[in-house]
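The values are calculated or read from the model by the stated rules, or taken from the named source; none is laboratory data. The shown structure was predicted, so the numbers you read here are calculated from the model rather than taken from an experiment. Cβ coordinates were reconstructed from backbone atoms using ideal geometry, including for glycine residues, and neighbour counts include every protein chain displayed.
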Amino acid sequence: MQVLQEFYVQATRASKPERLDHERAALLIESFLRFPVRETMVPLIQAALAAHDRFHISYWDAAVAEAARTFGCGTLLSEDLADGRDYDGVRVENPFRDCP
């Protein structure tokens, strides 16, 4: 859920010259729903709080990492988290690391 919400906010941000309008962003989110989505429930919040404390990362990044872990996802693409780091079985890859 966090990733979908963040996508919408960033994609429609008024300060971006190439921003999407609401309808286009909503359609893209609808298309993303073909993939599994982990709802933000109390156990996920508790796990994210623990990961936030343990790894000293933002709560929001911890929630994404914990959602990935509970789905059994071994790799998380992120430009915010440390490239190559393992967060309790979820290894981060920065998809932009080789971009100039």
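The criterion of being among the hydroxyl-bearing types (Ser, Thr, Tyr), more than 11 Å from the chain's Cα centre (by Cα), farther than 28 Å from Pro100 by Cβ and surrounded by 11 or more Cβ atoms within 10 Å (Cβ to Cβ) does not hold for Thr12. For the residues Leu76, Leu20, Leu81, the requirement of being outside any loop (DSSP other than H, G, I, E, B) and surrounded by 11 or more Cβ atoms within 10 Å (Cβ to Cβ) singles out Leu76.
Filter region 60-73 down to the residues that are buried (at least 19 other Cβ atoms within 10 Å of the Cβ) and touching a residue at least 40 places away in the same chain (Cβ under 8 Å), then identify the one that is nearest to the chain's Cα centre (by Cα). This residue is Val64. Each residue in region 63-73 was checked for being in contact with a helix residue (DSSP H, G or I) (Cβ under 9 Å, 6 or more places away or on another chain), over 15 Å from Gln5 (Cβ atoms) and outside any loop (DSSP other than H, G, I, E, B), and 4 of them qualify. A search for C-beta distances below 7 Å between a residue of region 43-59 that is assigned to a helix (DSSP H, G or I) and any residue that is modelled with pLDDT under 95 and among the basic types (Lys, Arg), counting only pairs 6+ apart in sequence or on different chains, returns Leu44/Arg38. The set of residues in region 37-59 that are more than 13 Å from the chain's Cα centre (by Cα) and surrounded by fewer than 18 Cβ atoms within 10 Å (Cβ to Cβ) comprises Met41, Val42, Pro43, Ile45, Gln46, Leu49, Ala50, Asp53, Arg54, Phe55, His56.
This table checks each residue for (1) among the basic types (Lys, Arg); (2) in contact with a strand residue (DSSP E or B) (Cβ under 8 Å, 6 or more places away or on another chain); (3) modelled with pLDDT of 95 or more; (4) closer than 28 Å to Pro100 by Cα.
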| position | (1), (2), (3), (4) |
| --- | --- |
| Glu6 | no, no, no, yes |
| Ser31 | no, no, yes, no |
| Phe71 | no, no, no, no |
| Glu79 | no, no, no, yes |
| Arg85 | yes, yes, yes, yes |
